[in-house]
1. Cross-link list LYS206/LYS273; LYS19/LYS231; LYS49/LYS102: which exceed 27 angstrom alpha carbon to alpha carbon?
2. Which ³J(HN,Hα) values in Hz, rounded to whole numbers, follow from the phi angles of segment 16-22 under the Karplus curve 6.51 cos²θ - 1.76 cosθ + 1.60, where θ = phi - 60° and Gly and Pro get x?
3. Which of ASN154, LEU90, ASN68 sits closest to the plus end of the dipole of segment 28-173, meaning its Cα is farthest towards the positive end, when Lys and Arg get +1 and Asp and Glu get -1 on the C-beta?
4. So what's the net charge close to LEU44: Lys and Arg +1, Asp and Glu -1, counting the other residues with Cβ under 15 Å from its Cβ?
5. Near the amide H of GLY69, under 5 Å away, which other amide H atoms are found, from residues 5 or more places off or on another chain, if H is placed in the peptide plane?
6. Taking θ = phi - 60°, what integer Hz values does the Karplus form 6.51 cos²θ - 1.76 cosθ + 1.60 yield along segment 291-302, in sequence order, with x for Gly and Pro?
7. Quick one: net charge of THR292's neighbours, Cβ under 12 Å, K/R +1, D/E -1?
8. Quick check: Cα centre of segment 269-290 to Cα centre of segment 173-198, how many Å?
Amino acid sequence: MSIGNTTLRQSLWKSQPYKGILFIGLIAVISLLFELLLGQIFQLDTTSKLIYITIFFVWWWHLGFSLNGYPGDRFSTTRLGRGTINLVILLVLSYLTGEAWKYIAGTPILADTQVGQWGQTAIVTAAASLFFFDNTIVTSDRTRHWDPVSGFLNIFLAVFFIAPALTFLPQLWGLDPFYIPWYWYPTSTVFGSFFERWPLNNLSFKQPQLGFVHTGAVLLLTLIMALVLKKIGIDLFTTTTGPTFAAIWTTVGLGLLWQFNLWPFTQLVQPAKGIITSLASLFISIAFYVLTLSIFGEANIIEGLYWWFNILWVQVFLMAPGLYDGIGLWQERRS
């Protein structure tokens with residue numbers, strides 16, 4: 001093969017839709033490897049696998065975004081190197097988190113702890129701090145870009161303050177633990193990414209005003225999504241079918257955003273870009289939801305939910321920790 005042909009092939013896989021297709025193949029293979037690790041080697045049941053993936057996401061947000069590539073970037077200057085190091089750290093932290101919660105709860109079974117509720121609240125807190133409020137909640141102008149200090153401040157807010165407070169404080173009054181489920185994420189992708197915060201980004205809002213309005217928009221869209229799903233017989237809050245659809249829409253939405261970089265809608269302007277991309281992701285998600293129901297059946301839909309969470313986890317971990325090829329808000333892009 002000539003050098004010219006080699007260069008052409010390399011550039012081909014850096015362009016769309018070939019880049020997105022390549023990522024789909026990688027995601028499929030690595031998802032099977034994670035299932036081998038969690039299901040076959042560690043012999044975890046479906047509930048435990050879902051819980052561990054939730055814990056993965058907690059630490060992924062911080063090792064991938066809050067800490068801006070730290071500590072992997074202290075040992076490697078390449079995206080692949082620091083991402084690999086941070087991935088190993090993430091897996092170790094996730095295991096230790098599970099063991100700590102089992103110790104706190106006094107049970108050998110992870111599903112008997114409240115780590116799932118804690119994890120979901122920690123995820124939304126981290127996401128809101130980083131992407132709704134652009135890392136301005138617990139940082140000053142001086143510390144906002146001060147790595148890794150700003151990251152540790154976000155970890156303290158999400159992991160050690162808000163999430164534990166909502167998990168443990170209600171029990172002091174004899175109430176069930178309170179938590180914020182992850183179902184807001186699909187509409188967050190729609191508003192924050194497909195619409196690029198349109199029309200708020202045209203109103204010259206500053207933080208924290210922009211963050212509060214952004215959060216309100218996501219919550220409103222989530223409520224609308226829940227009401228629409230309920231009208232067609234899918235309850236987002238009391239059945240597993242609702243969360244399964246939300247997981248599918250999240251996976252498809254992030255796939256269009258990160259793997260395909262919004263191809264073929266990149267050149268559209270707002271709001272047409274947001275409307276068309278949202279509808280495209282919604283129609284694709286409905287097709288995958290119908291396929292998932294036909295494969296697993298409604299009675300065993302939790303298996304379908306697990307597989308979509310597994311795919312979603314692999315999808316995002318390929319972009320992080322320490323890998324900023326897909327998006328960039330307040331973080332500096334690194335080579």
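1. LYS19/LYS231
2. Each residue's phi maps through the Karplus curve to give 8, x, 5, 4, x, 5, 4 Hz.
3. Comparing the listed Cα positions along the dipole, ASN68 ranks first.
4. -3
5. For GLY69, the qualifying residues are GLY322.
6. The phi angles translate into 5, 5, 4, 5, 7, 9, x, 5, 5, 10, 5, 4 Hz.
7. -2
8. So the two Cα centres are separated by 19 Å.
Computed from the coordinates by the stated procedures, all read-outs in this text should not be read as laboratory data. A quick note: this is a predicted structure, and the numbers were derived from the prediction, not measured. Note: ideal-geometry Cβ built from the backbone for every residue, glycine included; neighbour counts use all protein chains shown.
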